[in-house]
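**Student:** One structure, as structure tokens, below. Some questions next.
The values are calculated or read from the model by the stated rules, or taken from the named source; none is laboratory data. If you're wondering where the values come from, they're calculated on a predicted model, not measured in any experiment. A quick note on method: Cβ atoms are made from the backbone with ideal geometry, for glycine too, and the neighbour counts reach across all protein chains shown.
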Amino acid sequence: MTMRPYPKSGDLFESERLRTEQLAPGAILLRGFATHEAPALVDAIEVISNSTPFRTMTTPGGRKMSVEMTNCGDVGWLSDNRGYRYVPEDPVTNKAWPAMPIPFEDLAKRAAAISGFENFLPDSCLTNRYLPGSKLSLHQDRDERNFDAPIVSVSLGSPAVFLFGGQCRADRPRRILLENGDVVVWGGPARLTFHGIAPLADEHHPLTGACRLNLTFRKAL
Ligand code: SIN
Ligand code: FE2
């Protein structure tokens, strides 16, 4: 086996930098930031969903969402006919949500810090599961108590087109392909950016098959 020469530190920095893209002030895309951890994250999601299953939720308006969701952490995000909110217990199991695994919290903190948000302490992790055709309409994350902390979003498995808009719903969103291990962080001036996921294509990924998983870390309380 021949070894490629190890890049000079300048080259290494350059290639790292190129994999980081500022989407807007306060919004950073970290390509491949979680690729090495991805298999362990997928295994941990499997364990979580064995005790608190993925389920489809309905919007306050009564529309069934196509994405399946579950949570871990001190509180979990819910949507039903009473509205959007964070609750400490899963209404399906009537038990507390599973604790956030340390490697989840650690990843979220590292991604936030490298994006300029020091001391991020997530207390909630929403886990989304998309199958071919599943989508998430443009929305803002605004059910948290305040908007001081960023949102950290980790993509796993099949690729998806992330819709990243502006501060108004009508702003035309950019379409950004997110692949296994990509992490997006948005906070500060970008904290209330409208975002969503275009209908998932039917693509096989070795880690997850046709499905995409997404972890969204928030400081809800
Ligand atoms: C979300 O906005 O809750 C998730 C976005 C994603 O799946 O990438
Ligand atoms: Fe969101």
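**Student:** Kindly check whether there is at least one residue in region 186-205 that is away from ligand 2 (no atom under 14 Å from the Cβ), in a loop (DSSP other than H, G, I, E, B), touching a Phe, Trp or Tyr at 6+ places or on another chain (Cβ under 8 Å) and of a type outside the set (A, V, I, L, M).
**Tutor:** The answer is no; no qualifying residue exists.
**Student:** Among what's in region 143-163 and is away from ligand 2 (no atom under 11 Å from the Cβ) and more than 20 Å from GLU118 (Cβ to Cβ), pick the residue that is surrounded by the fewest Cβ atoms within 10 Å (Cβ to Cβ).
**Tutor:** For region 143-163, the residue satisfying everything is PRO159.
**Student:** Just wondering, is there one or more residues in region 139-156 that are under 15 Å from the mean Cα position of the chain (by Cα), acidic (Asp, Glu) and at pLDDT 95 or above?
**Tutor:** Yes; the residues of region 139-156 include at least one that is under 15 Å from the mean Cα position of the chain (by Cα), acidic (Asp, Glu) and at pLDDT 95 or above.
**Student:** Follow-up question, since we're still on this one. Filter region 180-195 for residues that are within 12 Å of ligand 1 (Cβ to nearest atom) and not β-branched (Val, Ile, Thr) and give the result.
**Tutor:** Within region 180-195, ASP182, TRP186, PHE194, HIS195 meet the criteria.
**Student:** Going by the conditions given, is ALA198 buried (at least 19 other Cβ atoms within 10 Å of the Cβ) and either more than 10 Å from ligand 1 (Cβ to nearest atom) or modelled with pLDDT under 95 (or both)?
**Tutor:** no
**Student:** Let me spell it out: the conditions are (1) within 11 Å of ligand 1 (Cβ to nearest atom); (2) touching a Phe, Trp or Tyr at 6+ places or on another chain (Cβ under 8 Å); (3) not in a loop (DSSP other than H, G, I, E, B), and LEU177 meets all of them except one. Which number is the exception?
**Tutor:** For LEU177, the exception is condition (1).
**Student:** Cβ contacts < 6 Å: first residue more than 15 Å from LEU107 (Cβ to Cβ) and polar (S, T, N, Q), restricted to region 120-138; second residue part of a strand (DSSP E or B) and within 13 Å of ligand 2 (Cβ to nearest atom), any location; separation 6+ or different chain. Result?
**Tutor:** Correct list of pairs: ASN128/VAL67; ASN128/MET69; ASN128/ASN214; SER134/VAL67; SER137/GLY196.
Each row is one residue, and each column tells you yes or no for (1) part of a loop (DSSP other than H, G, I, E, B); (2) modelled with pLDDT under 95; (3) not acidic (Asp, Glu).
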| position | (1), (2), (3) |
| --- | --- |
| MET3 | yes, yes, yes |
| TYR6 | yes, yes, yes |
| LEU23 | no, no, yes |
| THR35 | yes, no, yes |
| LEU41 | no, no, yes |
| ASN50 | no, no, yes |
| TRP77 | no, no, yes |
| TYR86 | no, no, yes |
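**Student:** Here's something else I'd like to know. Being more than 16 Å from ligand 2 (Cβ to nearest atom) and not hydrophobic (A, V, I, L, M, F, W, C) is the filter here; which residues of region 124-139 pass it?
**Tutor:** Listed by number, the residues that qualify are PRO132, GLY133.
**Student:** Name, by its number, the condition in (1) farther than 22 Å from SER79 by Cα; (2) within 14 Å of ligand 2 (Cβ to nearest atom); (3) in contact with a Ser or Thr (Cβ under 7 Å, 6 or more places away or on another chain) that does not hold for ASN180.
**Tutor:** For ASN180, the failing item is (2).
**Student:** Now a separate question. Tally up the residues in region 132-174 that are farther than 25 Å from GLY76 by Cβ and assigned to a strand (DSSP E or B), please.
**Tutor:** Qualifying residue count for the region: 2.
**Student:** Which pairs have Cβ atoms under 7 Å, sit 6 or more apart or on different chains, and link a residue in region 139-168 that is over 18 Å from VAL183 (Cα atoms) and touching a residue at least 24 places away in the same chain (Cβ under 8 Å) to one that is within 12 Å of ligand 2 (Cβ to nearest atom) and part of a loop (DSSP other than H, G, I, E, B)?
**Tutor:** Close Cβ pairs satisfying both conditions: HIS139/PHE194; ARG142/LEU192; PHE147/ARG191; PHE147/LEU192; GLY166/THR193; GLY166/PHE194; GLN167/LEU192; GLN167/THR193.
**Student:** Within region 102-142, how many residues turn out to be surrounded by 15 or more Cβ atoms within 10 Å (Cβ to Cβ) and of a type in the set (Asp, Glu)?
**Tutor:** Number of matching residues: 3.
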